[in-house]
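The values are calculated or read from the model by the stated rules, or taken from the named source; none is laboratory data. Quantities reported herein were computed from a predicted structural model and do not represent experimental measurements. Methodologically, a virtual Cβ is constructed for each residue, glycine included, from the backbone with ideal geometry; neighbour enumeration extends over all protein chains shown.
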């Protein structure tokens, strides 16, 4: 039994494994996959489990059906919050999304958001926590929390400016603007837009390409970007050199160079 085999009985998520690629599907279609406490608990369990699964290389995260990736937080639950419980709700969402962002990056396992429909509020914040974002041409994204007298509370107010720049991010958040996939791509909010019927096929193709690469190399790239982002260049370059040097001492580096010179496919060992 692998760690993945423990994920068969979840209520709000559906998990499948195809070779080295896991697909996690948000599955509360009756509320457009709104994020409630149960879903946060299950997301935490899933991603903690996937991080230690030695068979896994890449994760695809999507929503069931064709209407929504995730429509946002559970509004009915938010209606009952006060200052104290609201702080806890925000911290809980931040913790789970940071887990998705950093735990799998440290494990060398990127997460691809396949945004199949609306990704609003917490749903957009969930996509922002992923490594890459591929959007259906039917997708719509935004952080419209100011309409509710709130701000993005699951990391969106911090990740969006880092991704697309403070000016465009402020415009989207302050006006509660919801953008289509074309505009999201122009802003850099998503990395690629594909026709809706091709979304999962394209996400799987990207995942397969990543999975064919050196696992240590993929992990090294994720680590270098994670350690360097937001720091002065001189510090980031030190981190890059340290990671490069570390990889030069691995069996996979030797295998990669040997296979390249021999014009054959490498056989990665992960060490």
It is to be established whether one or more residues within segment 75-87 are in the same structural domain as residue 192 (by TED's automatic domain parsing) and surrounded by 21 or more Cβ atoms within 10 Å (Cβ to Cβ). no
Criterion first (within 30 Å of residue 85 (Cα to Cα) and either in a loop (DSSP other than H, G, I, E, B) or not assigned by TED's automatic domain parsing to the domain that holds residue 62 (or both)) does residue 150 satisfy it? yes
Could you check residue 170 against (1) over 20 Å from the mean Cα position of the chain (by Cα); (2) within 26 Å of residue 65 (Cβ to Cβ); (3) surrounded by fewer than 18 Cβ atoms within 10 Å (Cβ to Cβ) and say which number it fails? (2)
Find the residue count for segment 226-270, including only residues that are closer than 29 Å to residue 101 by Cβ and part of a loop (DSSP other than H, G, I, E, B). 10
Output for segment 188-207, where each listed residue is touching a strand residue (DSSP E or B) at 6+ places or on another chain (Cβ under 7 Å), part of a helix (DSSP H, G or I) and surrounded by fewer than 17 Cβ atoms within 10 Å (Cβ to Cβ): 196
It is to be established whether one or more residues within segment 228-250 are modelled with pLDDT under 95 and buried (at least 17 other Cβ atoms within 10 Å of the Cβ). yes
If you scan segment 153-208, which residues turn out to be on the phi > 0 side of the Ramachandran plot and touching a residue at least 24 places away in the same chain (Cβ under 8 Å)? 155, 176, 188
Could you tell me which residue of segment 105-144 is nearest to the chain's Cα centre (by Cα), considering only residues that are assigned to a helix (DSSP H, G or I) and surrounded by fewer than 24 Cβ atoms within 10 Å (Cβ to Cβ)? 105
